[in-house]
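Following: one structure in structure tokens, then a few remarks.
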Amino acid sequence: MLQSVSIEEYTSFPGVRWRLVDPTTELVLRVEGRAESPVLERYAQWFERRFAGCLRFGDEHFPDGWLANPGADALAVHLAAGITALQRLACQPVRRAQVLEAGDQGIRLALPSFSGSVLQGAIPLAIQLLLELEADPAGTGERLQLLEEEADQFVERASEVSRCGEDAMHFALAASELGIPVVSTATGYLEIGHGCARRILSNSLCYTPSPAASLASDKLASYLVLHRAGLPVPATQIVNTEAELAAAAAEIGWPLVVKPLDQSCQQGVTTDVDDQISLQAAFLVARNVSQSSVLVQEQVFGQEFRLTAIGPNHAFARALNVAFVEGDGSSTVSQLVRRSNSNPLIGGHPGAIAYSIQLDSVAIAELAAQDLSVQSIPIAGRKVCLSRKPFRSLGGITTDATTSIHPSYFELLHRAARVLQLDVIGIDLITADPARPWWDVGAKILECNPRPGIIQHEFPHQAVGIHASALKHWLGEIATPPLIAVAAGEEISDICAVVEASLSAPLADHQAVGVLCGGTCRVGSANYPLAASVGSQTGQSLLAESACGAAVLAWRSADLAAYGRPCERIDVGVLAEGAEPLVVQELLDADPAAVIWIGPGRQEWDGPLQAWQARDPAHRLVALEGAEGLSACLPELLGASTHQRG
């Protein structure tokens, strides 16, 4: 029986250690007792339930899908996977942990972490959950229920602190799958790539020039631009006074939509305004949430859609549906709602695709308009609407329409993008019949968004690869610049000089080789004092320089032990006699596509080299008699490495 699990050591590294691909923390746990298989099975089931219907998870199987070395000690594997999965639940783009050691008395783990505070919250929660499942096999105890609530609170707090949204998290995961390093997700931005390939992107990954994005975000300005270009938009007027309000209503005609000029997410919006009394009330609602002008707009009826374009070759559509249930001829509306809310895809939990339907006053009024109540039994097949607004927060859910909507709507989408000079665009439109051309049914564009979220297109419709496709479009052939790690004895400076010379020739004019060797840290002739920052010790400062077109990294074991590697992968490792053991191990853990051994002494490292070769049949081991041979073989090996990484 598992009696206790306590933290003995916690060491966080700015960089990467062992075979992880994310910033790494080493955790040592002291364990008393052992968890039996049924307890571990319940632990896995708890996480699998959490994954169901959550936008923050892919197809990772628990626990093996969360481990770089599955199949190790069962308790260690489950704890490592649980801590990592809780971070993902908190919207952190972590991938896999590694079990370093496991025995009767203790467990040593390497854990991925982009946020120390999130990890520090996940560790005790994962441990306590396991202990509670040991103490309460049936899972019905009060303490376990409280722990469920504590997990929800942890996720909510951590998500707010991390400021990494679901789209940003999936972009980060997609970047990693494409071989693009994810350096940071702090402060609501993504930092990906190294050196000349480094990019800092907002959570929305908007790559549109700022003036165009600002124009598209301005409701009035975007309306005027689209209107002048002849695109279908509702009749709209801007008003500031009650006299202007009355004049606008008289000119446009009932019914109307009234909304503040400078708000989003439906704040202050009133629809179905059909008389002077409701017009005055809507005007006050809009004014209460904004000090700006108010828009009065023709109300358009039909099905609402969100269309998103990423460049000229990627376009997606989804229908925005109001909250509804479908009658079965035997269940009351109340029963149908409870059944709908039991769907794991729906609920208030983080990552849900929609919120639960609430039978509140709005829903009651909508039922009354259909001559129904919560106790009515709708006939089989009848669609019962519970709101007039297709908002996710009101229980509305989206359905994929990419293949069912008429192609003319995508032509309209791309035309709007060209008119507004947006590379990425989302438009909300209403149409009476999405199967017919938009001009035949009087469809209208309601709003444009220069930073549309695409997570709802990918999940739950499984349009897999949208985030990767978007990255490829935005970043083109972006790749990490060549990274060469060197581990050697006295001749290390000579080896680094030859490698630098070999890398310099093909670089662009504005780029230079970054070199970390023998107390020197520089990009070309620009020096960085090693004491200036933690990042300088292992070459992290080199990789943050946009002028760095390639890097030579001669790490020292003391620095790696303290800070970790600045990169998850390298392209080529160069080894020679006298190399420090820790440096060799970290070099091989960085999964180079090729390793060059110079001179004698290789027999000492045959074991680690063979293990590295066994991980991938494409790994190449090259032996040279002297460093002068590097200039001939490096270009070929780097070309193969680039192809392999791509």
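The values are calculated or read from the model by the stated rules, or taken from the named source; none is laboratory data. Please read these numbers as outputs of a predicted model, since none were measured by experiment. All Cβ positions, glycine included, derive from the backbone under ideal geometry; neighbour counts span all protein chains shown. Accessible surface is based on the protein model in full, side chains and every heavy atom, while ligands, DNA and RNA are left aside. Shrake-Rupley method; radii C 1.70, N 1.55, O 1.52, S 1.80 Å.
Applying 0.36 nm per residue to the separation of ALA369 and CYS633 and subtracting their alpha-carbon distance, the gain on full extension is 87.3 nm.
Per the 1.4 Å probe, what fraction of the accessible area of segment 269-310, in percent, lies on carbon and sulfur atoms? Looking at segment 269-310 in its full context, I get 54 percent from C and S.
Ligands, DNA and RNA are left out, and with a 1.4 angstrom probe the accessible area of segment 302-426 is 46 Å² per residue. Summing charges over all other residues whose Cβ lies under 14 Å from the Cβ of LEU29, with Lys and Arg as +1 and Asp and Glu as -1, gives -4. Residues whose amide H lies under 5 Å from that of LEU100, counting only those 5 or more places away or on a different chain, are ARG108, LEU109, ALA110; hydrogens are built 1.01 Å from N in the peptide plane.
The slack in the chain from SER330 to ALA246, taken as 0.36 nm per residue of separation less the alpha-carbon distance, amounts to 25.4 nm. Classified by the C-alpha gyration tensor, segment 562-646 has a rounded form. Its axis ratio a/c, with a ≥ b ≥ c, is below 1.5. Applying 0.36 nm per residue to the separation of ALA618 and GLU36 and subtracting their alpha-carbon distance, the gain on full extension is 205.5 nm.
Using only the heavy atoms of the protein chains and a 1.4 Å probe, how would MET1, MET169 rank by accessible area, largest first? Write out the running numbers ahead of the final one.
Details: MET1 135, MET169 0 Å².
Accessible-area ranking of MET1, MET169, largest first: MET1, MET169.
Using DSSP, restrict attention to beta bridges with both residues in the chain and report what percent are antiparallel, rounded to the nearest 5.
On the way: 70 of 94 bridges.
Given both bridge residues lie in the chain, the antiparallel proportion sits at roughly 75 percent.
Estimate the FRET efficiency between ARG418 and ILE200 by the formula 1/(1 + (r/R0)^6), using the beta-carbon distance for r and 22 Å for R0, to the nearest 0.05.
On the way: r = 27 Å, r/R0 = 1.22.
Calculated transfer efficiency: 0.25.
With a simple spin-label model that places each label point 7 Å from the Cα along the Cα-to-Cβ direction, the separation between ARG228 and ASP136 comes to 6.4 nm.
Ranking of HIS78, HIS510 by solvent-accessible surface, largest first: HIS510, HIS78 (1.4 Å probe, protein heavy atoms only, all chains present). Taking label positions 7 Å along the Cα-Cβ direction at both ALA380 and ASP433, the computed distance is 3.0 nm, reported to one decimal. If you average the alpha carbon positions of segment 433-450 and of segment 84-133, how far apart do those two centres end up, in angstrom? When both Cα centres are located, 48 Å separates them.
Near the amide H of VAL273, within less than 5 Å, lie the amide hydrogens of LEU256, all on another chain or at least 5 residues away, with H placed in the peptide plane.
Once backbone amide H atoms are built at 1.01 Å from N, ILE397 has ASN321 as its partners under 5 Å, excluding neighbours fewer than 5 places away on the same chain. Entry note, the chain: the mean residue ellipticity at 222 nm calculated from DSSP H runs of n ≥ 4, each adding -39500 (n - 2.57), is -11000 deg cm²/dmol after division by the residues and rounding to the nearest 500.
Can you send over the carbon and sulfur percentage of the accessible area for segment 6-97, probe radius 1.4 Å, protein chains only?
Values: 1490 of 3220 Å².
About 46 percent, which is the carbon plus sulfur part of the accessible surface.
Surface listing: VAL300, VAL155 arranged by accessible area from highest to lowest gives VAL300, VAL155, probe 1.4 Å. Each residue of segment 227-234 was assigned a 3J(HN,Hα) from its phi angle through the Karplus expression (A = 6.51, B = -1.76, C = 1.60, θ = phi - 60°), giving 5, 5, 7, x, 7, x, 9, x Hz with x at Gly and Pro.
Each label point was placed 7 Å from the Cα along the Cα-to-Cβ direction; for ARG157 and PHE391 their separation is 2.9 nm.
Between GLU8 and ASN343, the FRET efficiency estimated from the beta carbon spacing at R0 = 51 angstrom works out to 0.75.
Among the protein heavy atoms of segment 535-631, carbon and sulfur supply 48% of the accessible surface, probe 1.4 Å, non-protein parts ignored.
Across segment 31-36, rounded Karplus estimates of 3J(HN,Hα) from the backbone phi angles (6.51 cos²θ - 1.76 cosθ + 1.60, θ = phi - 60°) give 10, 10, x, 9, 7, 7 Hz, Gly and Pro being marked x.
The string of couplings for segment 72-89 from the Karplus curve (6.51, -1.76, 1.60, θ = phi - 60°) is 7, 3, 4, 5, 4, 4, 5, 5, 4, 5, x, 5, 5, 5, 5, 5, 5, 4 Hz, one whole number per residue in order, with x for Gly and Pro.
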